[in-house]
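The structure under discussion appears below in the form of structure tokens.
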Amino acid sequence: MSEKEIITRLKKIVEPYVQRIEGMANFHEETDFLNDLQINSANLVDVVLDVEDEFDIEIDNDSMEGMLTVGDAKSIIQKKLAS
Amino acid sequence: MSKRVVITGMGVAAPNGVGLDNFQNALKQTQSGIRFFPELEELKFSCQIGGKPEITEELLQQYFTPLQLRGLNSSGIVYGVISGTDAWKDAGLSITDTGSPDWDSGIIFGTGILGVDKFREAIHLIDAGKTRRLGSTSVVQTMASGISAYLGGILGCGNQVTTNSSACTTGTEALLMGYDRIKAGKAKRMLVGSCGDHGPYIWGGFDAMRILPNKFNNDPEKASRPMSESAAGFVPGSGAGALVLEDLESANKRGARIYAEVLGGEVNSGGQRGEGSMTAANNEAVQRCIKTALKNSNIKADEIDTINGHLTATTRDSVEILNWTKALKREGSDFPDINSLKGMTGHCLSASGSIESVASVLQIYKGFMFGNINCDDVHPEISKLIDPNKIPNEKINKKINILAKASFGFGDVNAVVLFKKYIA
């Protein structure tokens, strides 16, 4: 799966949780879930579950803790898809 | 001077009408909200009927954000948020997303148990070793105070925000708790009400107790028969009712429409002594609750012109009437007119007190009394005590000045409130 496709799918997943819509206009690897998109930290759990369903992978607690930006999420997804 | 408390807004999600206008029409036309549920038949319930508000997807989207709707599976929260938000808007109060919370407004919104369908989802996941798949809203959808928490966030209330629970007395108790808080000068307005989930996991326990009717599965609208000789148990219901209580001074200052005044009331318990038990009321306590409610409201028994009873359609109905006649020292044709909403909605359990309070206040404001359906055969024990003409079968137009509303619940708990027509 291409990086571009992963990011496109990721964008769609996070959309319902985003409280700062402007952040979506400039959705790139450095976009920070909490600061740029103002996703409620409790909802990160739901984002992870949605990512698991979309990519048919499992994201353990340690991986989740390192998932702060779009780029982090992309790398984790790539790693899980490869394993 | 002591504060006066008035009702300035109302909302309702009842089995026979969602929204104040629909509900009022249903009351005037004595429309039943009792339906047959195939799911209950499949689950081999004895009683396969119930009362459940009809909520469309479009309606849900008016009250919840797409994010709130994700994984929302708590019917009590749905009914509570719809009725609570409606009451707030009906009172002419605004909702702002920015700035400080409204420190003068609080919420007391009760429930019996919340989010059982969500809890079931969680139990299945946990038992399958998938606790991590629960998502972030399992807690807030199933904690009892979930309903006051949802409403508190939607409305931005900064005063006390809490949930009470006292079985079928819950809604009436919430109203009196909110009244007390305003009376004490601790809040200018309180959104009070209660909600109750629907479905087999709520109703199953009652079905097992064999206190629900089982002979009306083919004729649901005839099943709920308060005060009738052929009453065969209560029909389980669900929904929510909400009222905005407000300090009269504050209501006048902002030019709010006033539906009625809350004169006061009383809550007590029979301590499960005497004939009182976990499931039955102690008669002395019921009578005492009525008498003390009158005293607290500075009202004499003969000033009551209408009663909205608890009257669930069980054999206990005649005992309730006996308690009213003793407490008020009024019987026969001297007894006030009386009705029970449960003929149309079933027994909405924790939501009943607030839905019935909304119905009571609508009657005062609009000058009518809704009819008692399914009571063309008044129970002989009841007609021995009061003139059957005091139990109208159809809507009557009537100027109501003072109405008494009672709710009784498991645990031998009682609540009585007195409403009065407001004349500016």
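The values are calculated or read from the model by the stated rules, or taken from the named source; none is laboratory data. Note that the coordinates shown come from a computational prediction; the quantities given were computed from them, not determined experimentally. A quick note on method: Cβ atoms are made from the backbone with ideal geometry, for glycine too, and the neighbour counts reach across all protein chains shown. Each accessible area value is taken on the protein alone, full model and side chains, heavy atoms only, with ligands, DNA and RNA left out. Shrake-Rupley method; radii C 1.70, N 1.55, O 1.52, S 1.80 Å.
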**Item:** Gain upon complete extension [B:E42, B:Q29; 0.36 nm per residue less C-alpha separation]
**Value:** 1.4 nm
**Prompt:** Label points 7 Å out from Cα along the Cβ direction at A:S41 and B:N218: separation in nm?
**Reply:** 6.2
**Request:** Give, as ranges by residue number, the residues of segment B:128-154 whose backbone N falls under 16 Å from the point 7 Å along Cα→Cβ of A:N61.
**Result:** B:129-136
**Item:** Accessible surface, per residue, of segment B:150-194 when the full set of protein chains is kept, probe 1.4 Å, Å²
**Value:** 30
**Fill in**
Applied in sequence order to segment B:195-205, the curve 6.51 cos²θ - 1.76 cosθ + 1.60 (Karplus, θ = phi - 60°) yields integer Hz couplings, x standing for Gly and Pro, of 9, x, 5, 10, x, x, 7, 8, 7, x, x
**Request:** Using a 1.4 Å probe over the heavy atoms of the protein chains, calculate the carbon and sulfur portion of the accessible area of segment B:321-424 as a whole percent.
**Result:** 47
**Request:** Work out the length of the dipole vector of segment B:13-120 about its Cα centre, built from +1 on the beta-carbon of each Lys and Arg and -1 on the beta-carbon of each Asp and Glu, and round it to the nearest 20 debye.
**Result:** 320
**Message:** Taking every DSSP beta bridge with both residues inside the protein assembly as shown, roughly what % is antiparallel (nearest 5)?
**Reply:** 70
**Residues losing 50 Å² or more accessible surface upon assembly, segment A:15-64, compared with the chain by itself, 1.4 Å** = A:P16, A:L49
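When only the heavy atoms of the protein chains count and the probe is 1.4 Å, how do B:R4, B:R330, B:R181 rank by accessible area, highest first?
Ranked list, largest accessible area first: B:R4, B:R181, B:R330.
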**Item:** Anchor B:K52: lysines whose Cα lies under 21 Å away (excluding residues fewer than 8 positions away in-chain)
**Value:** B:K28, B:K44, B:K118, B:K215, B:K222, B:K342
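Taking segment B:174-246, which GluC sites (Glu not before Pro) meet the DSSP loop condition and have no more than 16 other C-beta atoms within 10 Å?
Numbers: sites: B:E221, B:E229, B:E246; in loops: B:E229.
In loop regions of segment B:174-246 (DSSP not H, G, I, E or B), the sparsely surrounded GluC sites (Glu not before Pro) are B:E229.
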**Request:** Sort B:K405, A:K12, B:K89 by accessible area with a 1.4 Å probe, largest first.
**Result:** A:K12, B:K89, B:K405
**Request:** Starting from the Cα of B:K253, draw a straight line to each of the aspartates and glutamates and keep only those under 18 Å, dropping any in the same chain fewer than 8 residues away.
**Result:** B:D90, B:D102, B:D104, B:E261
**Request:** Kindly identify residues of segment B:131-166 having a loss of at least 50 Å² in accessible area between the isolated chain and the assembly of all protein chains, probe radius 1.4 Å.
**Result:** B:R132, B:R133, B:S136
**Asked** Given a 1.4 Å probe and every protein chain left where it sits, what share in percent of the accessible area of segment B:135-285 is carbon and sulfur?
**Response** 48
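Evaluate the relative contact order of segment B:259-322 (contact order divided by residue number), counting alpha-carbon pairs under 8 angstrom at least 6 apart; express in whole percent. Let's see the in-between values first.
Details: 45 pairs, mean separation 17.2, N = 64.
Reported as a whole number, the value is 27 percent.
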**Asked** Using a simple spin-label model with points 7 Å from Cα along the Cα→Cβ vector, what separation in nm is obtained for B:Q62 and B:N401?
**Response** 3.8
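May I ask you to derive the FRET efficiency for A:K4 and B:L125 from their Cβ-Cβ distance with R0 = 45 Å, giving the value to the nearest 0.05? Before the final figure, lay out each step's value.
Values: r = 34 Å, r/R0 = 0.75.
Rounded to the nearest 0.05, the efficiency is 0.85.
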**Request:** Note down the relative contact order for chain B as a percent, whole number, built from C-alpha pairs under 8 angstrom at least six residues apart.
**Result:** 23
**Request:** For chain A, compute the number of Lys pairs whose alpha carbons are separated by less than 16 Å, excluding pairs fewer than 8 positions apart on the same chain.
**Result:** 5
**Item:** Nearby lysines by direct alpha-carbon distance to B:K291 (threshold 19 angstrom, same-chain neighbours under 8 apart not counted)
**Value:** B:K300, B:K326, B:K329, B:K405, B:K420
**Asked** Which value in deg cm²/dmol, rounded to the nearest 500, describes the helix-derived mean residue ellipticity at 222 nm for chain B, given -39,500 (n - 2.57) per DSSP H run of n ≥ 4 and division by the residue count?
**Response** -10000 deg cm²/dmol
**Item:** For segment B:96-112, Karplus couplings with θ = phi - 60° (6.51, -1.76, 1.60), whole Hz, Gly/Pro x
**Value:** 10, 8, 10, x, 6, x, 7, 5, 8, 10, x, 9, 10, 10, x, 7, x
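Need one number: buried accessible surface between chains B and A, 1.4 Å probe, both sides summed, DNA, RNA and ligands left out, in Å² to 100.
Buried surface at the B/A interface: approximately 900 Å².
Only loop residues by DSSP count here, and only those with at most 16 other Cβ atoms within 10 Å; note down the GluC sites (Glu not before Pro) in segment A:26-83 that meet that. Could the numbers behind the result be given before it?
Working: sites: A:E29, A:E30, A:E52, A:E54, A:E58, A:E65; in loops: A:E29, A:E30, A:E58.
Listed in order of number, the matching sites are A:E29, A:E30, A:E58.
For B:D377 and B:W103, compute 0.36 nm times the residue count separating them, minus their Cα-Cα distance, and round to one decimal in nm.
So the chain would gain 93.5 nm between B:D377 and B:W103.
Test of understanding: what is the full-extension gain from B:I423 to B:K186, defined as 0.36 nm times their sequence separation minus their Cα-Cα distance?
That works out to 82.8 nm of additional length.
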**Complete:** For segment B:259-325, listing trypsin sites (Lys or Arg not before Pro) in a DSSP loop whose Cβ sees at most 11 other Cβ atoms within 10 Å gives B:K300
**Asked** Where nothing but the Cβ of Lys and Arg (+1) and of Asp and Glu (-1) is charged, how large is the charge dipole of the protein assembly as shown around its Cα centre, in debye to the nearest 20?
**Response** 2060
